1. Which residue, of 116, 100, is among the basic types (Lys, Arg) and buried (at least 22 other Cβ atoms within 10 Å of the Cβ)?
2. Identify, please: which residue in the stretch 128-165 is in a loop (DSSP other than H, G, I, E, B) and β-branched (Val, Ile, Thr) and is, among those, modelled with the highest pLDDT?
3. So which strands (runs of 3 or more DSSP E) stay within the stretch 20-72 end to end and still have 2 or more residues that are under 20 Å from residue 96 (Cα atoms)?
4. Being more than 18 Å from residue 22 (Cβ to Cβ), in contact (Cβ under 8 Å) with a residue 24 or more places away in the chain, assigned to a loop (DSSP other than H, G, I, E, B) and within 15 Å of the chain's Cα centre (by Cα): is that true of residue 107 here?
5. From the list 84, 43, 59, pick out the single residue that is touching a Lys or Arg at 6+ places or on another chain (Cβ under 9 Å), of a type in the set (Ser, Thr, Tyr), under 28 Å from residue 135 (Cβ atoms) and modelled with pLDDT under 95.
6. Residue 33 is checked against (1) surrounded by fewer than 22 Cβ atoms within 10 Å (Cβ to Cβ); (2) hydrophobic (A, V, I, L, M, F, W, C); (3) within 20 Å of residue 147 (Cα to Cα) and fails just one. What number does that condition carry?
7. Those residues that are under 19 Å from the mean Cα position of the chain (by Cα) and in a loop (DSSP other than H, G, I, E, B), I need them from the stretch 110-127; list them, please.
8. Select from the stretch 129-153 the residues that are surrounded by fewer than 22 Cβ atoms within 10 Å (Cβ to Cβ) and more than 16 Å from residue 30 (Cα to Cα) and list them in ascending order.
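The values are calculated or read from the model by the stated rules, or taken from the named source; none is laboratory data. Because the structure is predicted, anything quoted here is derived from the model rather than measured. As a convention, Cβ positions derive from the backbone with ideal geometry for all residues, glycine included, and neighbour counts pool all protein chains shown.
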Amino acid sequence: MLRKAILSLALLSCSVFAGPKVAFETTLGNFTVELNEEKAPVTVANFLKYVEDGSYEGTIFHRVIPGFMAQGGGFNQDMQMVKTYAPIKNEGNNGLNNDRATIAMARTNAPDSATRQFFVNLVDNDFLNFGSRPPGYAVFGEVTEGFDVIQKMATQQPNPSVACAMSQRHKSSSPKQHYSSSQNHKPFEYSKGFLF
């Protein structure tokens, strides 16, 4: 089944005691992911590169499987693949497990093939862990707020008209970009607006 929701990401903060937080804003609601730089430094740096360059804007959750996971970040609302940077090293053996509400990198059968696509685990998916199936799928953070939004994605009918907006808040003092979806949107469209 194909389920779509356009991604919305906002880099929230980075502190000494906690990893960076990225906020996703969707028409189904918002959720926040805290990233684990300590255990997945390569993966977190890669993910933040896409957040900070704004290229996740307009991408969708294109693969949502109830009782498994919600995958996104690699296709736009027209189901066209989005440009990627070079693949990264698989950090699947970092000690983090594919547990409920964690975020991990999607990849092909080649271990070091992850680029920009990620997935959020809807349940504990032990079979994706390094110990169960080397080289595993690299977990690099967890949903800390709004996991019910991810769960809601899994309850939508196939091909729902769910658009999500992109918002990116840079760590620097550069101007912020804000986008929000229109309440009266056509499927998978978004319009500029103020979010914060």
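1. Unique residue meeting the criteria: 116.
2. 155
3. Per the criteria, 21-26, 29-35.
4. Numbers: more than 18 Å from residue 22 (Cβ to Cβ): yes; in contact (Cβ under 8 Å) with a residue 24 or more places away in the chain: yes; assigned to a loop (DSSP other than H, G, I, E, B): yes; within 15 Å of the chain's Cα centre (by Cα): yes.
Taking the combined requirement at face value, the residue satisfies it.
5. 59
6. Result: residue 33 fails condition (1) only.
7. 112, 113, 114, 115, 116, 117, 122, 123, 124, 125
8. Within the stretch 129-153, 129, 130, 131, 132, 133, 134, 135 qualify.
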